[in-house]
Amino acid sequence: MDATPTQLIVVNGRLFRPGTSTGPRPEEGPTAVVIEDGRIAALVSDAEALRLRHPRAEVIDAAGGLVLPGFDDAHIHVIPGGQWSGLLALREAVTVPELQSLVAEYAAAHPELPWIWGGGWHYAAWGDAGPAKEQLDAVVPDRPAMMVCMDGHSYWVNSAALRAAGIDRDTPDPPNGVIVRDPATGEPTGWLKERAGQLIYRVMPDPTHQDLKDALLRAVRALNASGFTAVQDARTDPVEVPVWREALAEGSLTLRSRIALPMAPEQSLAEWRTTLDEHEELVAPLRGGDWLTSGIVKGFVDGVIESRTAAMLAPYEGEESAGVPAFEPEQLTAFTVEAHRRGWQVQLHAIGDRGVRMALDAFEAAGRRRHRVEHAEIVHPEDVKRFAALDVVASMQPAHAFSAPDRAHEWHDVIGPGRAAANWPMSAIHESGGVIALGSDWPVVDFDPFATLHAATSADHALTLPQALSAYGHGSAYAAHAEHRRGSVAVGMDADLVVLDRDPLETGDVRGTGVTATIAGGLVVHRAP
């Protein structure tokens with residue numbers, strides 16, 4: 001038997017390493033990575049790497065491009081993203097007529113579909129109004145139709161969908177959900193918020209196991225092609241877990257994946273304990289896995305600012321409401337403490353400043369385990385330093401930051417200029433010693449890593465490009481308790497790397513950057529043509 005290690009060598013690169021503003025120039029340090037049996041074996045000069053080369057080793061010429069840890073999306077929805085990639089996309093429409101045109105075209109092209117399902121619309125299309133069923137009835141009168149908002153927290157449905165779900169003027173709002181109603185008649189308008197969308201989902205046809213698997217593999221291929229070697233699925237439905245395990249068993253899961261199981265508020269503490277028992281039984285075989293693992297649960301503290309469902313410390317502009325959190329503070333703390341006691345990491349969706357404070361309070365009561373606040377769009381200044389003090393990770397998705405120059409939105413108007421000025425405080429959290437982990441929230445926004453990095457470095461409270469690159473590697477790995485295995489270019493680490501076609505650190509601008517190769521576990525899982 002041949003005892004020669006499996007070897008892959010990357011030469012002529014600029015190696016990105018923590019603590020350096022740029023990768024070393026050839027005369028200043030190593031330019032090559034020697035990979036053996038899936039790990040980084042050496043960081044050396046090109047000449048030394050070629051001297052160490054085994055006869056059958058593969059060599060990748062980085063051609064002066066940046067070599068850095070593979071991108072690790074710390075907040076993503078992989079299977080839904082794969083599903084959405086084949087559905088009606090509304091992201092580019094900016095007016096209601098444009099939305100209607102896209103829906104009509106898609107419905108006409110798919111007469112075989114019992115439901116018309118799409119998404120990606122923006123609140124700005126309606127101005128001060130909101131989605132109306134009549135607007136969707138006009139283009140899909142014969143079948144139920146649901147269009148999901150770009151943030152996944154609002155739903156535009158037609159009359160047929162309301163009838164299919166049995167939603168009428170007498171239907172009560174579900175817990176943590178709102179059926180928007182005509183103030184004069186009480187009839188549903190066709191706009192559903194938060195958990196009210198589940199009333200529609202429960203009557204829609206369920207995807208098959210094969211549908212879910214096809215979506216997962218489609219997503220894996222696309223993510224590998226964009227330089228991703230790891231993902232952290234932000235909320236995995238338990239029915240999806242067998243799909244993940246099957247892909248792992250077949251060897252088609254070429255992303256190191258961590259899946260978070262749900263922590264829903266619509267249960268008692270006793271029921272939550274039973275749910276944790278079920279979660280543990282479901283994912284216990286995955287604990288500590290190299291390519292698929294869990295050990296984390298996800299809860300929603302609040303909603304989103306655009307629909308005024310994020311929990312704020314003060315009312316929204318011109319309104320009496322400050323949003324209503326999904327959990328009562330005492331319930332959130334009790335659920336978090338119980339999960340912590342059993343060894344689970346907890347990640348909490350919290351967008352409003354009250355929601356963020358509730359999450360931090362719950363983590364303070366539970367204890368240190370790198371618990372995570374997801375999104376953290378508005379953080380009260382008094383709470384910024386608590387991230388570092390409590391060892392809580394700020395898992396942030398800067399492409400949501402509509403304050404960036406090219407993402408204007410009424411987000412500012414909803415909360416007012418004072419609070420809007422404190423949006424997405426990435427730099428403040430970082431400067432206070434907190435850990436930032438970067439992600440996209442795909443399919444809410446595209447997973448394009450360079451769009452995420454551009455947003456992180458151009459928002460109001462921006463990171464530097466080296467800081468953002470570190471947050472996409474080491475920060476995300478730290479959030480997953482995996483920094484000892486990935487997230488840095490160092491000897492002994494897993495060989496999870498991305499080779500870029502240039503060194504954006506030379507210009508400070510990532511726009512237009514491409515991926516030459518993606519390496520996961522020492523295997524080339526993508527190579528540019």
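The values are calculated or read from the model by the stated rules, or taken from the named source; none is laboratory data. Remember, it's a predicted structure, so these values are computed and weren't measured experimentally. We place every Cβ from the backbone using ideal geometry, glycine too, and count neighbours over all the protein chains shown.
In the range 153-175, the qualifying residues are those that are part of a loop (DSSP other than H, G, I, E, B) and in contact with a Ser or Thr (Cβ under 9 Å, 6 or more places away or on another chain), and the one that is farthest from Glu266 (Cα to Cα) is Arg169. If you go through the range 50-96 and pick out every residue that is at pLDDT 95 or above, surrounded by fewer than 20 Cβ atoms within 10 Å (Cβ to Cβ) and within 29 Å of Gly130 (Cβ to Cβ), you end up with 0. For Met358, the conditions (1) touching a Pro at 6+ places or on another chain (Cβ under 7 Å); (2) not in a helix (DSSP H, G or I) all hold with the exception of (2). For the range 301-324, a tally of residues being in contact with a Leu (Cβ under 9 Å, 6 or more places away or on another chain) and crowded, with 24+ Cβ neighbours inside 10 Å returns 1.
For the range 396-419, the criterion of a residue being on the phi > 0 side of the Ramachandran plot, assigned to a loop (DSSP other than H, G, I, E, B) and aliphatic (A, V, I, L, M) is satisfied by no position. Confirm whether Ala196 is in contact (Cβ under 8 Å) with a residue 40 or more places away in the chain, surrounded by 15 or more Cβ atoms within 10 Å (Cβ to Cβ) and out of contact with any helix residue (DSSP H, G or I) (no Cβ under 8 Å at 6 or more places or on another chain). Here the answer is yes, as Ala196 does meet what is asked.
Exactly one residue out of Val231, Val178, Val220 is at pLDDT below 95 and among the aliphatic types (A, V, I, L, M): that is Val178. Based on what the data block shows, is Arg258 in a loop (DSSP other than H, G, I, E, B), among the basic types (Lys, Arg), at negative phi and in contact (Cβ under 8 Å) with a residue 12 or more places away in the chain? No; evaluated as a whole, the condition is false for this residue. Scanning the range 420-433 for residues that are modelled with pLDDT under 90 and surrounded by fewer than 21 Cβ atoms within 10 Å (Cβ to Cβ) yields Ala420, Ala421, Ala422. Restricting attention to the range 97-118, and to residues there that are surrounded by 12 or more Cβ atoms within 10 Å (Cβ to Cβ) and among the acidic types (Asp, Glu), which single residue is nearest to Met150 (Cα to Cα)? Going through the qualifying residues, I end up with Glu98. The set of residues in the range 222-239 that are touching a strand residue (DSSP E or B) at 6+ places or on another chain (Cβ under 8 Å) and either part of a helix (DSSP H, G or I) or of a type in the set (Lys, Arg) (or both) comprises Leu223, Asn224, Ala225, Arg235, Pro238.
For Asp233, state whether it is surrounded by 22 or more Cβ atoms within 10 Å (Cβ to Cβ) and among the acidic types (Asp, Glu).
yes
Here Gly473 passes the criteria (1) buried (at least 21 other Cβ atoms within 10 Å of the Cβ); (2) of a type outside the set (D, E, K, R); (3) under 26 Å from Gly120 (Cα atoms) except the one numbered (3).
How many residues does the range 99-117 hold that are among the β-branched types (Val, Ile, Thr) and under 15 Å from Val203 (Cα atoms)?
Here is the first cut: in the range 99-117, the ones among the β-branched types (Val, Ile, Thr) are 103, 116.
So of that shortlist, the ones also under 15 Å from Val203 (Cα atoms) come out as 116.
Adding up the residues that qualify gives 1.
Would you call Val324 within 20 Å of the chain's Cα centre (by Cα) and modelled with pLDDT under 95?
Numbers: within 20 Å of the chain's Cα centre (by Cα): no; modelled with pLDDT under 95: yes.
Criteria not met by Val324.
Count of the range 361-377 residues, restricted to those that are of a type in the set (A, V, I, L, M) and either part of a helix (DSSP H, G or I) or at pLDDT below 95 (or both), is 3. Number of residues in the range 291-309 that are modelled with pLDDT of 95 or more, farther than 14 Å from Leu360 by Cα and in a loop (DSSP other than H, G, I, E, B) equals 1. Among the residues of the range 488-502, the ones that are within 22 Å of the chain's Cα centre (by Cα) and in a loop (DSSP other than H, G, I, E, B) come to 2 in all. Whenever a residue of the range 275-293 is touching a residue at least 40 places away in the same chain (Cβ under 8 Å) and more than 15 Å from Thr236 (Cα to Cα), its partners that are part of a loop (DSSP other than H, G, I, E, B) and not small (Gly, Ala, Ser), lying with C-beta atoms within less than 7 angstrom and at least six residues away or across chains, give the pairs Trp291/Leu253.
When Ala459 is tested against the conditions (1) assigned by TED's automatic domain parsing to the domain that holds His375; (2) in contact with a Pro (Cβ under 6 Å, 6 or more places away or on another chain); (3) under 22 Å from Thr229 (Cβ atoms), the lone failure is (3).
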